[in-house]
Each structure stands twice: as structure tokens, then as C-alpha cells.
Amino acid sequence: MRNIFHEEPEVRASSNIAGNLTDLWQKKRVTVLVPILNVALYICVAMSIMLFIERLYMTCVILGIKFLGKKRYTKYRLDALKEEVEKKKKEYPKVLVQIPMYNEREVYKLSIGAVCALSWPSQYLIVQVLDDSTNKSIRDMVQAECEKWSCKGVNVKYENRDNRSGYKAGALREGLQKEYVQDCKFVAIFDADFQPDDKFLWKTIPYLLENPELGLVQAKWKFVNADECLMTRLQEMSLDYHFNVEQEVGSTTCQFFGFNGTAGVWRIEAINDAGGWKDRTTVEDMDLAVRASLRGWKFIFVGDLPVKNELPSTFKTYRFQQHRWSCGPANLFKKMTKEIIFCERVSIWKKIQVVYAFFFVRKIIAHWVTFLFYCVVIPACAVVPEVYLPKLVAIYIPAITTLLNSGGTKRSLHLIVFWILFENVMSLHRSKAALIGLLEANRVNEWVVTEKLGNATRQRPSNLRSPKKRQCLGERIHIGEIYVGIYLLICAIFNMRLRNDHFFVYLFMQSVAFFIVGFGYVGIIPN
């Protein structure tokens with residue numbers, strides 16, 4: 001009796017404390033957390049349905065295009081136009097080719113050599129190398145390469161600025177203001193790692209000659225290092241959907257589609273009519289395309305004209321690129337929405353397509369719903385029994401949307417699970433970048449040139465793939481991904497213990513993906 005008398009209060013006290021904490025958690029969960037999660041769930045479901053409808057529409061259209069064989073560029077008499085131009089040799093249009101570059105030690109020879117080998121009468125072709133390099137040794141090498149081709153009879157102009165005002169947009173703008181450009185009708189643009197086929201101009205210029213309302217001809221990208229590592233394969237899947245579906249649908253249905261900043265030919269009159277190059281955002285190519293479209297200029301995408309280029313193979317480089325590609329469109333959306341809505345030269349349908357489908361759904365909603373829904377809300381709902389998580393919106397709609405997104409690269413369909421997990425990880429950066437663009441926060445105009453490795457990665461052994469110094473541990477670790485990985489791991493453990501819906505399988509896999517990226521084990525790791 002004495003032992004019971006002395007021990008019972010302590011046992012009861014700890015039991016009461018645990019019971020009180022449990023009751024408090026249940027009460028707060030029901031009164032505070034559940035309403036918040038329900039509202040977040042409704043918002044995410046609405047965004048998910050918006051994205052699903054847009055993807056379903058794009059898929060239906062592209063299937064119709066392929067079934068009927070009605071690609072827009074096939075309607076043009078390309079061979080007949082080429083013969084007509086060749087017969088009237090005095091009527092060749094003068095073409096300017098611009099190559100903007102910045103400290104491109106690894107690839108400058110590839111791009112300059114490919115452009116200088118273009119098949120076009122030399123007296124009607126000007127190659128303009130716009131070198132903003134700050135490294136003097138690289139400037140000297142680029143200039144020497146230009147002089148080498150100039151000695152071979154190619155009209156190469158080397159232009160170097162003493163500042164990087166306006167970055168790429170500033171370089172392109174100043175390049176068009178040169179006196180020797182005044183009689184050029186068209187300008188082709190290639191980034192420093194792009195290598196066009198020698199027949200590129202013959203496969204693009206005739207479209208512009210036949211249709212005076214055509215302002216832009218955009219070619220497709222082909223990736224020379226897609227098999228470099230798993231990360232480049234996953235990038236290829238995303239970009240193939242963009243070109244094979246988004247660009248093709250936009251072109252064939254005569255809707256708006258953006259200029260990709262390279263591997264395209266502009267009518268210089270269209271550039272000037274739209275107000276020229278502007279550097280108000282980090283997506284100067286999309287900015288010009290929207291303004292030219294509002295002025296009534298038409299665009300065409302040529303899907304059977306691939307131009308070789310390089311994908312980022314290090315995660316650091318890819319992350320900077322994705323920040324620019326996500327932040328810039330959101331910022332441009334904020335700056336141009338009013339202008340698009342009140343433009344009198346375009347139809348209401350086109351305004352809706354540009355503002356809602358192109359910008360709001362593809363450039364903002366697609367990033368936000370991926371991160372908030374799949375990496376925040378669903379994991380939270382999976383551990384709160386009071387929140388009903390319907391499988392239709394949590395599993396089936398996302399699964400169908402994913403299948404529609406990944407159909408552009410058939411050879412990589414077996415990698416679809418890795419692609420889903422990696423895209424969800426990248427949505428952390430993309431959603432944050434889109435928010436920065438909308439709010440015009442401190443990184444809104446951040447411009448980090450995408451590092452290229454050229455042929456170096458394919459000529460060295462795998463253990464010497466990069467000439468860069470070995471990364472320190474601090475550069476490889478990404479705290480944001482690690483925090484999200486911990487959150488998902490905790491949610492997975494609680495879901496496994498509290499609920500019987502097996503969401504923990506996805507949560508564990510997604511958590512591992514965040515940890516892999518968070519600790520830097522993705523892409524090529526510089527030695």
C-alpha cells in the first residue's frame with residue numbers, strides 16, 4: 001500500500017500532462033489547422049483543375065494536328081520559294097546574324113564556326129559577334145576567331161562593349177544600331193552554344209519572303225548532351241513538351257507563342273515596329289514577342305528544323321537558369337497585363353489566350369500548384385484525419401496531367417517517376433522566382449549567364465568532366481531543399497502511423513528526392 005501511495009500521484013500527473021497535450025493538439029487541429037488546410041486544399045484543387053484543362057486542351061489540339069497532318073509550316077511553298085530566290089540572284093535579302101556572348105570560353109568556336117558556315121551568298125550575309133566578355137584573354141580569343149573567318153571571306157563584325165548595360169537585350173539593341181546593318185531586312189539570333197545547320201537560312205528566310213505579315217520564324221532545339229546525366233535527360237523531357245506541344249499548337253492555331261531568345265529569325269521591321277529590344281525584365285525575348293504580337297505581327301514555328309545546343313549539366317547552373325525563366329515571365333505578366341487588355345488591335349479571344357493561358361496558367365499557376373499542392377498541402381492533409389483528401393484530385397488528375405506533360409519525349413517515358421520527383425523539387429525555386437517577379441523583389445533583375453561546357457564534357461573521362469575547381473561542401477548543400485525534405489519525411493512517418501491511405505509511399509520518395517538535391521548529388525559534380 002505504501003508503494004502504491006507514493007507512486008500513484010506521479011503516474012497520474014504524467015498521464016494527465018500527456019492527456020492534456022493530446023486534447024490541446026486535437027482541439028487546435030480541429031479549430032485552427034483543419035479550416036486552413038481546407039481553404040488551401042480548395043485553392044490548390046482549383047489551380048490543379050485549371051492546369052489540367054489547359055494541358056488536356058493542348059493534347060487534344062496536338063493530336064488533331066498530327067492526325068490531320070495540318071502543321072502550319074508545311075503549307076508554305078518552301079522549295080519553290082528557294083528556287084525563285086536563286087533564279088533572281090540580285091534580289092537576295094541581306095541577312096544579319098547576331099551571336100551574343102559573355103565569357104564563353106568553351107563554346108565560342110562552335111557557334112562562330114557554325115554561323116560562318118551558313119549557306120547564303122557572302123555579300124548578303126553579315127555575322128555580328130556581340131561579345132560582352134569581361135575577361136580580356138577570352139575577348140582576345142573571340143576576336144582572333146572572328147579575324148580567322150574574316151580572312152576566309154566571311155563578313156564578320158566583332159563588337160565589344162565597355163559595359164553590360166541591358167545585358168543581352170542591350171547588346172542586341174546596340175548591334176542593330178550599327179550603320180552597316182541599315183540595309184539588312186532580317187536578323188537571325190543564336191546564343192553562344194547554338195550550332196545551326198548550314199541550310200538554316202534557306203529553311204527559314206523563305207517563310208518571311210512569302211508572307212509580309214510574318215515577323216518571326218522560330219526553330220526547334222536539339223540537345224547535344226541530353227545523355228550526359230540523369231538531370232539532362234529530365235530537362236529534355238520538359239523542353240521537348242514545350243517545343244513539340246506548346247510551340248506547335250501556338251503556331252498551327254495562329255495563337256500567341258513566345259520567342260525562345262535564340263534559333264529564330266526576325267524581320268527587323270517587326271522588331272522596330274514593336275519598340276525594339278527592352279531590358280525591363282530578364283526575358284527580353286518574350287517581351288519583344290508579346291509587343292510584336294500586339295502590333296499584329298504573326299509568328300511561325302518550324303518543328304522539323306532542329307538546332308543543336310547544350311543543356312545545363314550542373315545543378316547550380318540549372319537553378320540560376322530556372323530562376324530567370326520563372327521570374328522574368330511573372331514580372332513581364334505584371335508589367336504588360338494592362339497593356340494587353342486595352343490593346344485594340346487584337347481580339348478578345350487572343351487577349352484571354354495570352355493573359356490567362358500563356359502567362360497566368362503556364363508561367364505562374366503551373367509553378368505554384370506543383371509546389372504548394374504536392375509538396376505542402378497534400379503532405380499536411382495526409383497527417384490530419386479530419387481533412388478529406390479525395391483521390392480524384394490528389395492522385396488521378398495529377399497523374400493524367402503528368403502523363404500529358406511527359407509525352408513529348410517517348411524515349412524517356414521509363415524515367416517518368418524520376419521526372420515527377422525532380423520537377424516537384426524544382427518547383428520550390430520556380431514558385432519562389434515567380435513570386436519574386438510578381439512582387440518585384442530584390443532578385444527580380446538577377447541575370448546569371450548559363451554556363452556552357454561545349455565539347456569538353458564529351459572528350460574528358462567521367463572523373464574529369466569539368467575544368468572548374470572542386471566544389472566546397474557549402475556550395476553543394478541547399479538548405480531549402482533539406483528543410484522541405486525533413487517536412488515531407490515527418491509527414492510520411494505520421495501518415496504511415498495515423499492513416500491507411502498509403503500516401504506515405506509518395507511522401508517518402510519525394511522526401512528522398514529533396515534530400516538528394518539538397519545535399520548536391522544531382523547533375524555533374526565539378527571536380
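The values are calculated or read from the model by the stated rules, or taken from the named source; none is laboratory data. Remember, predicted model here, so these are calculated numbers, not experimental data. Cβ coordinates were reconstructed from backbone atoms using ideal geometry, including for glycine residues, and neighbour counts include every protein chain displayed. For the accessible areas, the whole protein counts, side chains as well, though only heavy atoms, and no ligand, DNA or RNA atoms are used. Shrake-Rupley method; radii C 1.70, N 1.55, O 1.52, S 1.80 Å.
For this structure, a couple of remarks:
- The number of residues in the stretch 286-295 that are open to solvent by 10 Å² or more (accessible area, probe 1.4 Å) and closer than 10 Å to Pro329 by Cα comes to 1.
- Verdict on Tyr108 being within 26 Å of Leu311 (Cβ to Cβ), touching a residue at least 60 places away in the same chain (Cβ under 8 Å), open to solvent by 40 Å² or more (accessible area, probe 1.4 Å) and not charged (D, E, K, R): no
Here is a yes/no grid of residues against (1) modelled with pLDDT of 85 or more; (2) within 16 Å of the chain's Cα centre (by Cα); (3) outside any loop (DSSP other than H, G, I, E, B):
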{"residue": "Leu389", "(1), (2), (3)": "no, no, no"}
{"residue": "Ala394", "(1), (2), (3)": "no, no, yes"}
{"residue": "Arg411", "(1), (2), (3)": "yes, no, yes"}
{"residue": "Ser431", "(1), (2), (3)": "yes, yes, yes"}
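- Strands (runs of 3 or more DSSP E) lying entirely in the stretch 133-229 (those with 2 or more residues that are open to solvent by 10 Å² or more (accessible area, probe 1.4 Å)): 156-160, 214-223
- Among the conditions (1) of a type outside the set (Gly, Ala, Ser); (2) open to solvent by 30 Å² or more (accessible area, probe 1.4 Å); (3) under 27 Å from Phe259 (Cβ atoms); (4) outside any helix (DSSP H, G or I), Phe333 misses just one, which is (4).
- Some residue of the stretch 345-368 being of a type in the set (Gly, Ala, Ser) and surrounded by fewer than 17 Cβ atoms within 10 Å (Cβ to Cβ): yes
- So Glu423, is it among the acidic types (Asp, Glu) and either free of Cβ contacts under 8 Å to residues at least 40 places away in the same chain or open to solvent by 40 Å² or more (accessible area, probe 1.4 Å) (or both): no
- Output for the stretch 476-503, where each listed residue is assigned to a loop (DSSP other than H, G, I, E, B) and open to solvent by 70 Å² or more (accessible area, probe 1.4 Å): Asn500, His502
- Figure legend. Inter-residue proximity from the stretch 215-239: first residues in contact (Cβ under 8 Å) with a residue 60 or more places away in the chain and β-branched (Val, Ile, Thr), second residues assigned to a helix (DSSP H, G or I) and open to solvent by less than 30 Å² (accessible area, probe 1.4 Å), beta-carbon distance below 6 Å, spacing 6+ or different chains. Indicated pairs: Val217/Tyr207.
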